[in-house]
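The values are calculated or read from the model by the stated rules, or taken from the named source; none is laboratory data. Since the model is a prediction, treat every value here as computed from it, not as a measurement. Methodologically, a virtual Cβ is constructed for each residue, glycine included, from the backbone with ideal geometry; neighbour enumeration extends over all protein chains shown. Surface areas here come from the heavy atoms of the whole protein model, side chains and all, with no ligands, DNA or RNA. Shrake-Rupley method; radii C 1.70, N 1.55, O 1.52, S 1.80 Å.
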Amino acid sequence: MEVGKLEVRIRRDHGKGYAHKLREAGKIPAVCYGGGEGPIALALDPKALKDALDPEKRQNTVITMTLKGDGADRQLTVMLKDYQTDPLKNTVLHADFVRVDLTKEITVTVPLILTGKPEGVKIGGILHQVFRMVDVACLPDRIPTQLEGDVTALNMGDALKASEIKVGEGVRIMLDPKQSVAVVVAPKEEKAEEAAAEGAVEGAEGAAAPAEGAAAAAGGKPGEAAAAAKPEDKKAAAKMAARVQAKADKSGGES
C-alpha cells in the first residue's frame, strides 16, 4: 500500500454484531464525515490503514481514499481524525476520518523538538520544555512533520519564545508570539518553585477537610467536595503551574 493511498468499502450494515463479524474477517468499521456532506460508513483493512500513514506524520497524513462497493469508484481527500484500539491486544477497532479541502487551512498538532545544548545548561542550569506539542495552522499539504527550536544561545534565566521557532512558508504557530516554550533556570530556583508549589498544595488540601464535613452535613457523601482531583494530581498540577508562571514572568520581564 502506497503512503497516502487507502482503499475502503462502503458498508450498509451496522450494529455490534456486524462489527464483530467484520473484525473476525480481518476488517474494521470506520466512518468518514465533514466537508459539508453526510457521514459515510466504511469497512477497511487495519493493516492497509497503517501502511497508508506516513511513518513520521502519522495522523497528519493527507490520504486519498478510494471508495468501493457503491457503483462507480470515487475518491475523497481525508485525514485520520481518531481511532480506537483494544487495550489488551493493541489492535485497531474503529477509525474516524474527516474530509479535508486542500485549498483551506486546517489546524493540527505537531511535535516541538529542541535542538542544541543551552549555554546556561553548560554552567549548571536546567532546561525546561513548556510545550512538547504545539498547534499549527496551514494548508493540508504543508503540514510539517515537526517543529524545531534552537536553544543553544539560551543563558541562565533565558527563554525561547514562540516567535523564535522557525516554521515553513504558510505555517502559523497557534501560540502568543511572546509565549515561552522553553526556559533555562538555576537549580536553586527550581527547588524554590517546588517548595512554593508544595506549600500551595498543602494549603489546598487543608481547606478540603472542612468542605468534606460540610458536604456530609448537607447529606452529600464525604469527599465529594475534593473528589475532582486526587492529591497527587493536584500536587503535580500545582508544581507545573508554579514553574511555568515563574519562568514566564521572569522571561517576560527580561524581554
GLY124 vs (1) small (Gly, Ala, Ser); (2) closer than 30 Å to MET156 by Cα; (3) within 24 Å of the chain's Cα centre (by Cα): all pass except (3)
Please enumerate the residues belonging to the range 35-51 that are assigned to a strand (DSSP E or B) and either under 23 Å from THR145 (Cβ atoms) or open to solvent by 40 Å² or more (accessible area, probe 1.4 Å) (or both).
GLU37, GLY38, PRO39
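Please go through the range 131-175 and give me each residue that is within 25 Å of LYS188 (Cα to Cα) and open to solvent by 40 Å² or more (accessible area, probe 1.4 Å), ordered by number. It would help to see each step written out before you state the result.
Going residue by residue through the range 131-175, those that are within 25 Å of LYS188 (Cα to Cα) are 131-132, 150-161.
Result: PHE131, ARG132, ASP150, THR152, ALA153, ASN155, MET156, ASP158.
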Matching option when the condition is in contact with a Lys or Arg (Cβ under 6 Å, 6 or more places away or on another chain), open to solvent by less than 50 Å² (accessible area, probe 1.4 Å) and in contact (Cβ under 8 Å) with a residue 24 or more places away in the chain, among ASP54, ASP96
ASP96
Which ones in the range 65-85 are surrounded by 14 or more Cβ atoms within 10 Å (Cβ to Cβ) and in contact with a helix residue (DSSP H, G or I) (Cβ under 9 Å, 6 or more places away or on another chain)?
MET65, THR77, MET79, LEU80, LYS81, TYR83
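So, TYR18, is that one aromatic (Phe, Trp, Tyr), part of a strand (DSSP E or B) and in contact with a strand residue (DSSP E or B) (Cβ under 9 Å, 6 or more places away or on another chain) or not?
On the way: aromatic (Phe, Trp, Tyr): yes; part of a strand (DSSP E or B): no; in contact with a strand residue (DSSP E or B) (Cβ under 9 Å, 6 or more places away or on another chain): yes.
For TYR18, the condition - aromatic (Phe, Trp, Tyr), part of a strand (DSSP E or B) and in contact with a strand residue (DSSP E or B) (Cβ under 9 Å, 6 or more places away or on another chain) - is not met.
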Among the numbered conditions (1) open to solvent by 40 Å² or more (accessible area, probe 1.4 Å); (2) over 21 Å from the mean Cα position of the chain (by Cα); (3) of a type in the set (A, V, I, L, M, F, W, C); (4) closer than 30 Å to ILE173 by Cβ, tell me where LEU88 comes up short.
(4)
How many residues are in a loop (DSSP other than H, G, I, E, B), at pLDDT 95 or above and among the aliphatic types (A, V, I, L, M) when one looks only at the range 54-82?
1
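Do the conditions hold for VAL121, that is, is it at pLDDT 95 or above and not in a strand (DSSP E or B)? Spell out the reasoning first.
Numbers: at pLDDT 95 or above: yes; not in a strand (DSSP E or B): yes.
Yes, satisfied.
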Matching strands (runs of 3 or more DSSP E) fully within the range 147-189 where at least 1 residues are polar (S, T, N, Q):
180-185
